[in-house]
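In what follows, a structure is listed as structure tokens, so that the remarks can point back to it.
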Amino acid sequence: MAPPLQPIIERRRDQMFPDLEPFEIERMRRFGACQTFATGDKLFTAGRIGPGLIVIPCGKVEVTQTDSSGHRHTIVTHGPGQFLGELAQMAGRPSLADATAIEPVHSIIIAPDRLRALLIAEAELGERIMRALILRRVGLLEIGAGGPVIIGRAENADVLRLQGFLRRNGHPHQLLNSDTDAEAKALIERFHVDPGQLPIVLCPGGQLLRNPGENELARCVGLVRPIDPNRLYDVVVIGAGPAGLATAVYAASEGLSVLVLDCRAFGGQAGASARIENYLGFPTGITGIALMARAYNQAQKFGAEMAIPDEVSKLCAHEGGDDPFVLDLYNGERVRARSVVVASGARYRRLTVDNLDAFEGASVHYWATPLEAKLCADQEVALVGAGNSAGQAAVFLAGQGVKVRMLVRRPDLSETMSRYLVDRIEGLANVEVETGCAVCGLEGGNGMLEAVRWRHGVSGDEVRRPISHLFLFIGAEPNTDWLTGSGVRLDDKGFVLTGEDAGGDRHPLETSRRGVFAIGDVRAKSIKRVAAAVGEGAQVVAALHSFLAATSSKPPTLAVMVTSPSARAQTS
């Protein structure tokens, strides 16, 4: 058996905590301001927005986390020539740890906007800093430090929902099982929580949430903040999948201002892929969440603003000239923009079978991640679907020791799945493919699945298996309900028409509404692949420049607002 993998803080300590040379610190001074701290002073406080990246020419700082019982644990101690911070400091979000001076400190504080300027202006130094910020976040995710504490039963649908939301947003968290963890039981008693109110969430700032919605949790941990209603953005990109994030990266890197929103998480459907192996430049493959996290961080590096989760409810009329489009959000806020990019992707198609909604969340899943694999360890699961996403999920689950029974309507996997995945599945002893069949019934109670029934189309024979987890990868539908009344034309399946199909002389990515563009899976006739979505995200930026230049004498300051009414956008 392979030895256990060392924590990342041990494997990559030198990259996580690099020592800066004196000349590098001098180059950083022009981006910051000097400040001194006495012994015992706090430089960062968990749950509160910090001042930015802090360089330490002189002194020592201890970075700690405080657990739910109030015990403090040291994460790392920084000394002369090092710097404090991780991705929260680049984005101007609340700190995930406490930082306390343990001797007098002379520092250089670099505010988030100046930090982004440094990363771009000082390429080699910026690369080392960026890598360290990312690795530090990975380390915090690995140990669950700095984020909220979820208390509830591990298999509870709401616990899984909250865990999945935080994981997809790259935010650390801890889970205390209310059935088995003594600390969890003590907290339930201390806060007088009725078992029916579980799960509860303890935020880093001390707030207690009782089974919160995702938006409530996001605001509590500082993932999203109010949007300035008076600010005019040049473009709104709706959907934070590969297409939307690509637009954000290219637009922001060209000096355009970017605001990114999505109703649930960055990455869309691609972010839920267990492994993407046919994306250019990754011959060994990469998980969807890792690829999308890189794009998300890259967009922020160039200055793209993120507000996730936030959801658009309506695209209002453009009044002409320099007057903006107005987008209404479900939370009551409004966003003003000079142009709009629709990248809202698609939402997962649901199985037509009785009682499906009774099992969704706890027993019926629309993606396969380590969270679901842990729930299904050493069990047999059913997986419905025959596309690449289904194949990737089957391979991933099988690799985690799960027995996978694939249920496929078609007579042959190769009709809809890439050859490399078909070959791999055929070589897996713990994957069994049943073709020409369809699920016809689900059995169970209290939200937990106990058995799945399916029927073979040719023979009519029905099979029943004791299965507790069902995975659905049966395609997706366009996420365009919010466009009702906007004047944007759709095809008969609900996909957005662009170019000649939208009518008139238009850019290939422009819709029937001037200044509104569509890219990625939501666009009619698009190729449903990550690479194609990224390509369209880059291509649309040139069209935006042309439109903005033609409609105003003001130089554009592009803002990409990414908001997906489904967080499940962009098929890989």
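The values are calculated or read from the model by the stated rules, or taken from the named source; none is laboratory data. Bear in mind that the values here come from a model prediction, so they are computed numbers and not experimental data. All Cβ positions, glycine included, derive from the backbone under ideal geometry; neighbour counts span all protein chains shown. Heavy atoms of the whole protein, side chains included, go into the accessibility calculation; ligands, DNA and RNA do not. Shrake-Rupley method; radii C 1.70, N 1.55, O 1.52, S 1.80 Å.
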**Message:** Please pick out the residue among G391, G401 that is without any contact (Cβ under 8 Å) to a residue 60 or more places away in the chain, closer than 30 Å to H469 by Cβ, open to solvent by 10 Å² or more (accessible area, probe 1.4 Å) and not polar (S, T, N, Q).
**Reply:** G401
**Message:** Need pairs with beta-carbon distance below 9 Å; first residue under 14 Å from A373 (Cα atoms) and modelled with pLDDT of 90 or more and within segment 154-170, second part of a helix (DSSP H, G or I) and open to solvent by less than 20 Å² (accessible area, probe 1.4 Å); sequence gap 6+ or separate chains.
**Reply:** L160/E372; G164/E372
**Prompt:** Hey, among R48, R136, which residue is at pLDDT 90 or above, under 30 Å from P199 (Cα atoms), among the charged types (D, E, K, R) and open to solvent by less than 30 Å² (accessible area, probe 1.4 Å)?
**Reply:** R136
**Request:** Counting only residues that are over 19 Å from V439 (Cβ atoms), give me the strands (runs of 3 or more DSSP E) lying completely in segment 304-423 with at least 2 of them.
**Result:** 304-307, 312-315, 325-329, 334-337, 340-342, 346-348
**Complete:** Among (1) part of a helix (DSSP H, G or I); (2) open to solvent by 30 Å² or more (accessible area, probe 1.4 Å), Q65 falls short only on (1)
**Request:** Collect the residues in segment 509-535 that are touching a helix residue (DSSP H, G or I) at 6+ places or on another chain (Cβ under 7 Å), open to solvent by less than 20 Å² (accessible area, probe 1.4 Å) and of a type in the set (A, V, I, L, M), keeping them in residue-number order.
**Result:** L509, I519, A524, V530, A533
**Fill in**
The one condition F23 fails out of (1) surrounded by fewer than 14 Cβ atoms within 10 Å (Cβ to Cβ); (2) among the aromatic types (F, W, Y); (3) in contact with a strand residue (DSSP E or B) (Cβ under 7 Å, 6 or more places away or on another chain) is (3)
**Prompt:** Are there any pairs with C-beta distances below 7 angstrom linking a residue in segment 469-480 that is hydroxyl-bearing (S, T, Y) to a residue that is part of a strand (DSSP E or B), with the two at least 6 apart or on different chains, and if so which?
**Reply:** T480/L490; T480/V496
**Message:** Checking the conditions here, which among Q35, Q6 is touching a strand residue (DSSP E or B) at 6+ places or on another chain (Cβ under 9 Å) and polar (S, T, N, Q)?
**Reply:** Q35
**Request:** Collect the residues in segment 70-120 that are among the small types (G, A, S) and without any contact (Cβ under 8 Å) to a residue 12 or more places away in the chain, keeping them in residue-number order.
**Result:** G70
**Prompt:** For segment 489-511, which residues satisfy the criterion of being modelled with pLDDT of 95 or more, in contact with a Lys or Arg (Cβ under 8 Å, 6 or more places away or on another chain) and in a loop (DSSP other than H, G, I, E, B)?
**Reply:** F495, L497, T498, L509, T511
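Please go through segment 98-136 and pick out each residue that is assigned to a helix (DSSP H, G or I) and in contact with a strand residue (DSSP E or B) (Cβ under 7 Å, 6 or more places away or on another chain).
Within segment 98-136, L115, L118 qualify.
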**Prompt:** Out of curiosity, is A382 surrounded by fewer than 21 Cβ atoms within 10 Å (Cβ to Cβ), out of contact with any Ser or Thr (no Cβ under 9 Å at 6 or more places or on another chain) and among the aliphatic types (A, V, I, L, M)?
**Reply:** no
**Prompt:** Within segment 491-504, which residues are without any contact (Cβ under 8 Å) to a residue 24 or more places away in the chain and crowded, with 18+ Cβ neighbours inside 10 Å?
**Reply:** G499, A502
**Message:** Taking the criterion of being of a type in the set (G, A, S) and either within 27 Å of the chain's Cα centre (by Cα) or modelled with pLDDT of 95 or more (or both), would at least one residue in segment 546-559 satisfy it?
**Reply:** yes
**Request:** With the checklist (1) surrounded by fewer than 17 Cβ atoms within 10 Å (Cβ to Cβ); (2) modelled with pLDDT under 95 in hand, flag the one item A97 doesn't pass.
**Result:** (1)
**Prompt:** What is the one condition in (1) at pLDDT 90 or above; (2) on the phi < 0 side of the Ramachandran plot that G92 does not satisfy?
**Reply:** (2)
